[in-house]
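The values are calculated or read from the model by the stated rules, or taken from the named source; none is laboratory data. None of these values were measured; they are calculated from a predicted model. Here the Cβ is made from the backbone with ideal geometry for all residues, glycine too, and neighbour counts use every protein chain on show.
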Amino acid sequence: KAGVTQTPRYLIKTRGQQVTLSCSPISGHRSVSWYQQTPGQGLQFLFEYFSETQRNKGNFPGRFSGRQFSNSRSEMNVSTLELGDSALYLCASSLQGDSKYEQYFGPGTRLTVT
Amino acid sequence: AQSVTQLGSHVSVSEGALVLLRCNYSSSVPPYLFWYVQYPNQGLQLLLKYTSAATLVKGINGFEAEFKKSETSFHLTKPSAHMSDAAEYFCAVKGRGGGNKLTFGTGTQLKVEL
């Protein structure tokens with residue numbers, strides 16, 4: 001079974017632009033979560049989607065948004081990029097929305113904002 | 001809210017020596033606990049998980065962890081370190097019934113020396 005895939009793997013954007021990242025979960029998985037990883041703040045939860053509905057949201061500004069499609073694929077969008085948004089963005093999928101299920105991570109998208 | 005604390009941001013061991021990475025959790029009820037490993041420029045790989053079925057959990061690559069409620073700990077061990085174990089290790093927690101939001105520790109960088 002194919003793992004979690006994320007596209008693109010690397011991205012360079014300029015301050016003020018917006019960006020969309022894509023995540024395809026493991027086949028059959030219905031929950032998708034997004035995390036931001038930076039050297040200073042570590043791994044931080046952004047949001048979780050299950051059956052096209054946002055279930056949980058982390059402490060990030062409204063510039064960060066996401067959505068999930070009927071095939072469970074998910075996208076996250078960051079508008080009005082700031083230098084501090086430079087990070088590794090990780091997507092994780094889980095079979096169901098229940099917390100007992102483990103999450104499997106993709107390779108991440110490395111976003112650099114200049 | 002759940003949290004985890006990883007003691008020691010850097011741990012160095014000799015090849016063949018015991019690996020011990022420490023993780024303590026904070027939660028009002030026994031949570032779900034996970035250990036992930038991250039190799040450079042990659043996503044997170046699940047090593048093992050605790051969901052209350054057994055206190056001693058065996059994972060991949062020879063790693064195991066023991067859940068100790070009295071000590072609120074979930075330390076990761078491996079009897080004999082291999083050079084390929086050099087990576088960053090993250091302990092993470094999820095609350096029961098709280099969806100798929102993972103809260104991560106700050107990570108421990110494991111170095112394996114000849």
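Given the structure, is B:PHE34 touching a residue at least 60 places away in the same chain (Cβ under 8 Å), outside any loop (DSSP other than H, G, I, E, B), within 18 Å of A:TYR101 (Cα to Cα) and out of contact with any helix residue (DSSP H, G or I) (no Cβ under 8 Å at 6 or more places or on another chain)?
Criteria met by B:PHE34.
Please enumerate the residues belonging to the range A:99-114 that are touching a residue at least 60 places away in the same chain (Cβ under 8 Å), part of a loop (DSSP other than H, G, I, E, B) and either touching a His at 6+ places or on another chain (Cβ under 7 Å) or surrounded by fewer than 21 Cβ atoms within 10 Å (Cβ to Cβ) (or both).
Across the range A:99-114, the qualifying residues are A:TYR101, A:PRO107, A:THR114.
Residue by residue through the range B:76-114, note down the ones that are assigned to a loop (DSSP other than H, G, I, E, B), modelled with pLDDT under 95 and surrounded by 15 or more Cβ atoms within 10 Å (Cβ to Cβ).
Within the range B:76-114, B:GLY95, B:ARG96, B:GLY98, B:GLY99, B:ASN100, B:LYS101, B:LEU102 meet the criteria.
Of all residues in the range B:4-59, how many are under 28 Å from A:ASN59 (Cβ atoms), in contact with a Phe, Trp or Tyr (Cβ under 7 Å, 6 or more places away or on another chain) and surrounded by fewer than 18 Cβ atoms within 10 Å (Cβ to Cβ)?
2
In the range A:5-63, which residues are of a type in the set (Lys, Arg) and within 18 Å of A:LEU111 (Cα to Cα)?
Scanning the range A:5-63 gives A:ARG9, A:LYS13, A:ARG15, A:ARG63.
Grab the strands (runs of 3 or more DSSP E) fully contained in the range A:10-73, keeping just those with 3 or more residues being under 14 Å from the mean Cα position of the chain (by Cα) and in contact (Cβ under 8 Å) with a residue 40 or more places away in the chain.
Once the strands (runs of 3 or more DSSP E) in the range A:10-73 are filtered for at least 3 residues that are under 14 Å from the mean Cα position of the chain (by Cα) and in contact (Cβ under 8 Å) with a residue 40 or more places away in the chain, what remains is A:19-24, A:31-38, A:42-50.
Please tell me if B:THR55 is of a type in the set (Ser, Thr, Tyr), more than 10 Å from chain A (Cβ to nearest Cβ) and under 13 Å from the mean Cα position of the chain (by Cα).
In short, no.
Before we move on, is A:LEU81 buried (at least 19 other Cβ atoms within 10 Å of the Cβ) and assigned to a loop (DSSP other than H, G, I, E, B)?
Against the criterion (buried (at least 19 other Cβ atoms within 10 Å of the Cβ) and assigned to a loop (DSSP other than H, G, I, E, B)), A:LEU81 qualifies.
Quick check on the range A:37-56: of everything there that is more than 9 Å from every other protein chain (Cβ to nearest Cβ) and surrounded by fewer than 22 Cβ atoms within 10 Å (Cβ to Cβ), which residue is farthest from A:ALA92 (Cα to Cα)?
Restricting to residues being more than 9 Å from every other protein chain (Cβ to nearest Cβ) and surrounded by fewer than 22 Cβ atoms within 10 Å (Cβ to Cβ), the top hit is A:GLY40.
Consider the range B:1-31. How many of its residues are aliphatic (A, V, I, L, M) and part of a strand (DSSP E or B)?
Residues in the range B:1-31 being aliphatic (A, V, I, L, M) and part of a strand (DSSP E or B): 7 in total.
Does the range B:81-94 contain at least one residue that is without any contact (Cβ under 8 Å) to a residue 24 or more places away in the chain and either facing another protein chain (nearest Cβ under 10 Å) or on the phi > 0 side of the Ramachandran plot (or both)?
no
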